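Asker: Before I ask anything, here is the structure I am working with.
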Amino acid sequence: MSAPSTGPLPEEPVAGGSRARRFRADRPAGRTAALLRLLRPRGRASRQETEPPEHPSVDLDSCRQELARWQHHADSFERELSRVASERAHLLAWLAALHPSSAVITPAVGIGGDGTHLLRLVAGERQLCWHLLPKDLPLFGHVPYTERSTGPLQRDGPGALEQAAHIRSHTRLLAIEGTLFAVPVEKEASARPAEH
């Protein structure tokens with residue numbers, strides 16, 4: 001038996017008449033080739049045989065389109081977030097005007113030097129507080145400003161979940177109070193003298 005040769009293999013013809021160097025390890029031999037033919041789905045050619053390779057510019061164009069689509073979504077979400085933040089600031093300014101005796105603005109401590117402040121007020125015998133961005137401060141010109149205050153407004157206020165629970169219960173209480181003391185429309189209409 002002779003030893004296998006270690007020299008270069010002969011060139012084989014390739015489709016289109018050109019010649020290229022191929023190694024035997026690149027193509028399946030004997031039993032492996034037969035097994036691959038059996039496992040390949042019938043009636044379907046392999047992807048390499050049917051589809052031409054995509055040009056990189058096509059892939060780049062689809063990536064750019066996808067990027068533009070996601071950028072459009074991000075811009076839309078940013079506009080909506082800005083609208084909601086502005087509405088929140090206006091509602092907080094209104095809430096502070098409804099509680100003039102307890103509402104104050106203080107600098108936020110521990111958040112950094114970005115100019116963030118806190119709106120603090122007492123509602124339902126409990127302190128509530130919200131962060132205010134520097135751009136929203138002009139809406140709160142009617143609220144007194146104080147450096148770190150003493151007394152009940154000294155601490156940073158309740159946690160977000162505790163504050164939300166208190167606001168819900170206080171809102172229910174105000175709604176019940178409103179229905180208890182509301183004058184029914186029928187009684188109000190009958191109390192007026194009839195016009196002739």
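The values are calculated or read from the model by the stated rules, or taken from the named source; none is laboratory data. Keep in mind that what you see is a predicted model, and the values were worked out from it rather than measured. Every residue, glycine among them, receives a Cβ derived from its backbone with ideal geometry; neighbour counts consider all protein chains shown. Note: accessible area is taken over every heavy atom of the protein model, side chains too, but ligands, DNA and RNA are not part of it. Shrake-Rupley method; radii C 1.70, N 1.55, O 1.52, S 1.80 Å.
Asker: What pairs can you find where one residue is in segment 118-142 and closer than 20 Å to residue 83 by Cα, the other is assigned to a loop (DSSP other than H, G, I, E, B), and their Cβ atoms are less than 6 Å apart, with a gap of 6+ or different chains?
Answerer: What qualifies is 131/116; 134/115.
Asker: Take the conditions modelled with pLDDT under 95, open to solvent by 90 Å² or more (accessible area, probe 1.4 Å) and within 30 Å of residue 138 (Cβ to Cβ) and apply them to residue 35. Does it pass?
Answerer: No.
Asker: Another question about this same structure. Within segment 85-113, which residues are exposed (fewer than 10 other Cβ atoms within 10 Å of the Cβ), within 28 Å of residue 170 (Cβ to Cβ) and under 26 Å from the mean Cα position of the chain (by Cα)?
Answerer: Of everything in segment 85-113, just one residue is exposed (fewer than 10 other Cβ atoms within 10 Å of the Cβ), within 28 Å of residue 170 (Cβ to Cβ) and under 26 Å from the mean Cα position of the chain (by Cα), namely 110.
Asker: Considering 84, 183, 109, which residue is modelled with pLDDT under 90, among the β-branched types (Val, Ile, Thr) and out of contact with any strand residue (DSSP E or B) (no Cβ under 9 Å at 6 or more places or on another chain)?
Answerer: Exactly one of 84, 183, 109 is modelled with pLDDT under 90, among the β-branched types (Val, Ile, Thr) and out of contact with any strand residue (DSSP E or B) (no Cβ under 9 Å at 6 or more places or on another chain), namely 183.
Asker: State whether the residues of segment 117-134 include one that is more than 18 Å from residue 159 (Cα to Cα) and open to solvent by 40 Å² or more (accessible area, probe 1.4 Å).
Answerer: Yes, there is a match, as at least one residue in segment 117-134 is more than 18 Å from residue 159 (Cα to Cα) and open to solvent by 40 Å² or more (accessible area, probe 1.4 Å).
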